[in-house]
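Notes for the one structure printed next.
The values are calculated or read from the model by the stated rules, or taken from the named source; none is laboratory data. The model shown is predicted, which means the values in this text are computed figures rather than measured ones. Please note: Cβ atoms are built from the backbone with ideal geometry, for glycine as well, and neighbour counts cover all protein chains shown.
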Amino acid sequence: MTLIKSISGIRGVVGGSVGSSLSPLDIVKYTASYAELIRRKRSVSNTIIIGRDARISGKMVSTFVTQTLIAYGFNVIDIGLTTTPTVEVAVKFQKAAGGIIITASHNNGDWNALKLLNHHGEFLSSSDGEKLLILAERDEFSFVKSDSLGSYVFDDSFNDQHIEHILSLELVNVDLVKKSGFKVVVDAVNSTGGFMVPKLLEKMGVKCVKLFCEPNGNFPHNPEPLAEHLEDLSNLVVKSGADFGIAVDPDVDRLALVCEDGSMFGEEYTLVTVADYILSKNPGSTVSNLSSTRALRDVTNHYSCEYQASSVGEVNVVNKMKEINAVIGGEGNGGVIYPSSHYGRDALIGIALFLSQLAEKKLSVKKIRDSYPNYVISKNKIVLPEHIELDSVLLEIQKTYKNEKISVIDGLKIDFLDGWVHIRKSNTEPIVRVYAESHDLEKASGIANKIIKQIKNLF
């Protein structure tokens, strides 16, 4: 298994040889690289925030991260079991020099990772990520002497601070939600959402039925919140007579919803429905990445506002949001980014805003979902032969569709009247991703299969 090194962090299976897994030596190496990068920025602060999800390996990884930062002279505030967005806001609250989240997000439990933040509590920029990887290869580390070692403090109060911050947001209508008497089922895949989501719901007066909410790191199913992994949640929503169901990934930055009849709201539509609510109160620009549903554009246009697409990746979405001063944005994987709070995907904020919308509309979750344009995405991948240069292949495809609307900011995206196709090389695997969307799966698959055939003919 290869250790995945990218600008967004370091990710790998725990257990294995150095350089091909997230071994203790690799943890120290990349934490030291991060510490060196932050040191060179000469931040006013000397504090780094760390936190972790509930993976079994989390405590071990956290120990190596902590001691490496202390050896570099940084003061560590360890907020313990928490969520990715909580670490992000903690960096902001503390005006810290940066943060490290120990989580492999939606990967299975044998994986772990270091997600790396700057002093804004946002993921490292492309240029900083590249600098970090160069530092790691050159081993340019300089640890401090014993009289300059950093300090360590454990402070898990940031979990409550994060929730109170969410409840204080202008468009989170706590009083109206409390009056609505909602009942919700929560599947937190036995990670930190298991206590953070129920705590938020309790504060909003929502009755919570817990499913897989013990934060022990024993994931009962694939932790990615996709329809095929949420059958137990869907069944319990119906059986318990709940208003809807909530599924989050292990680090609680992705949010999926289940309607009261057990049907999937659709992870792509989490951002769409939250954006609908935000735009109804505060019209403005919206952003999602090129591989996200067209429904966000349609909803944005309904409010006579501007929609723009970014390259795939949270950093790219955030950069585009800042560029056009977007009021809401995110990704079609259930990632809601609400800049009135912070520039990071936050399932907890998504939940609070959705509950506020639901209380105001006084409609069922199913009726809200049915009110949006219906699109279906067909997700496909093809193996890229080593001798093939993808850019030349995409150029030929682009020529074929020169009369359509084209974007080349991230691979190639072609917009048709009845759908779109996005072709891009994976950052982590020797494959080409071919995503297509239309009004039903047959049409979407048809668009994708046609493009895949054309691509293979060019191999």
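Here is how the numbers come out for the structure above:
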read-out: Filter result for Glu130 (in contact (Cβ under 8 Å) with a residue 24 or more places away in the chain, under 25 Å from the mean Cα position of the chain (by Cα) and surrounded by 20 or more Cβ atoms within 10 Å (Cβ to Cβ)); value: no
read-out: Qualifying residues in region 158-199 (those that are free of Cβ contacts under 8 Å to residues at least 60 places away in the same chain and part of a loop (DSSP other than H, G, I, E, B)) - the one nearest to Gly58 (Cα to Cα); value: Ser168
read-out: In region 408-459, the residues that are without any contact (Cβ under 8 Å) to a residue 40 or more places away in the chain, within 13 Å of Leu395 (Cα to Cα) and surrounded by fewer than 18 Cβ atoms within 10 Å (Cβ to Cβ); value: Val408
read-out: Candidates Ala96, Ala104, filtered to the one that is part of a loop (DSSP other than H, G, I, E, B) and more than 23 Å from Pro225 (Cα to Cα); value: Ala96
read-out: Tally of residues being part of a loop (DSSP other than H, G, I, E, B), farther than 16 Å from Cys208 by Cβ and more than 15 Å from the chain's Cα centre (by Cα) across region 235-262; value: 3
read-out: Positions within region 126-151 being assigned to a loop (DSSP other than H, G, I, E, B) and modelled with pLDDT of 95 or more, in sequence order; value: Phe143, Val144, Lys145, Leu149, Gly150, Ser151
read-out: Spans of strands (runs of 3 or more DSSP E) in region 387-459 with at least 1 residues at pLDDT below 95; value: 419-425, 431-438
read-out: Subset tally (residues that are farther than 24 Å from Asp261 by Cβ and basic (Lys, Arg)) for region 180-213; value: 2
read-out: Residues of region 398-407 classified as in contact (Cβ under 8 Å) with a residue 60 or more places away in the chain and either within 20 Å of Lys456 (Cα to Cα) or exposed (fewer than 15 other Cβ atoms within 10 Å of the Cβ) (or both), total; value: 0
read-out: Some residue of region 92-99 being of a type outside the set (Gly, Ala, Ser), in contact with a strand residue (DSSP E or B) (Cβ under 8 Å, 6 or more places away or on another chain) and in contact (Cβ under 8 Å) with a residue 60 or more places away in the chain; value: no
read-out: Looking only at region 338-352, and only at residues there that are within 15 Å of the chain's Cα centre (by Cα) and either assigned by TED's automatic domain parsing to the domain that holds His106 or not in a helix (DSSP H, G or I) (or both), the one that is surrounded by the most Cβ atoms within 10 Å (Cβ to Cβ); value: Arg345
read-out: Subset of region 10-39 [modelled with pLDDT under 95, surrounded by fewer than 19 Cβ atoms within 10 Å (Cβ to Cβ) and of a type in the set (Lys, Arg)]; value: none
read-out: Any hit, region 159-166, residues being polar (S, T, N, Q) and either more than 21 Å from Ala359 (Cα to Cα) or buried (at least 20 other Cβ atoms within 10 Å of the Cβ) (or both); value: yes
read-out: Failed item, numbered, when Trp111 is tested on (1) in contact with a strand residue (DSSP E or B) (Cβ under 7 Å, 6 or more places away or on another chain); (2) closer than 14 Å to Lys41 by Cα; value: (2)
read-out: Residues of region 221-244 classified as acidic (Asp, Glu) and either free of Cβ contacts under 8 Å to residues at least 24 places away in the same chain or within 20 Å of Ala104 (Cβ to Cβ) (or both), total; value: 3
read-out: Any hit, region 63-76, residues being under 18 Å from the mean Cα position of the chain (by Cα), more than 22 Å from Thr2 (Cβ to Cβ) and crowded, with 21+ Cβ neighbours inside 10 Å; value: no
read-out: Residue check for Pro220: part of a loop (DSSP other than H, G, I, E, B) and either among the polar types (S, T, N, Q) or buried (at least 16 other Cβ atoms within 10 Å of the Cβ) (or both); value: no
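Yes/no per residue for (1) of a type in the set (S, T, N, Q); (2) surrounded by fewer than 23 Cβ atoms within 10 Å (Cβ to Cβ); (3) in contact with a Ser or Thr (Cβ under 7 Å, 6 or more places away or on another chain); (4) modelled with pLDDT of 95 or more:
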position: Asp251; (1), (2), (3), (4): no, no, yes, yes
position: Leu255; (1), (2), (3), (4): no, no, yes, yes
position: Asp261; (1), (2), (3), (4): no, yes, no, yes
position: Thr286; (1), (2), (3), (4): yes, no, yes, yes
position: Leu290; (1), (2), (3), (4): no, yes, yes, yes
position: Arg294; (1), (2), (3), (4): no, yes, no, yes
position: Asn301; (1), (2), (3), (4): yes, yes, no, yes
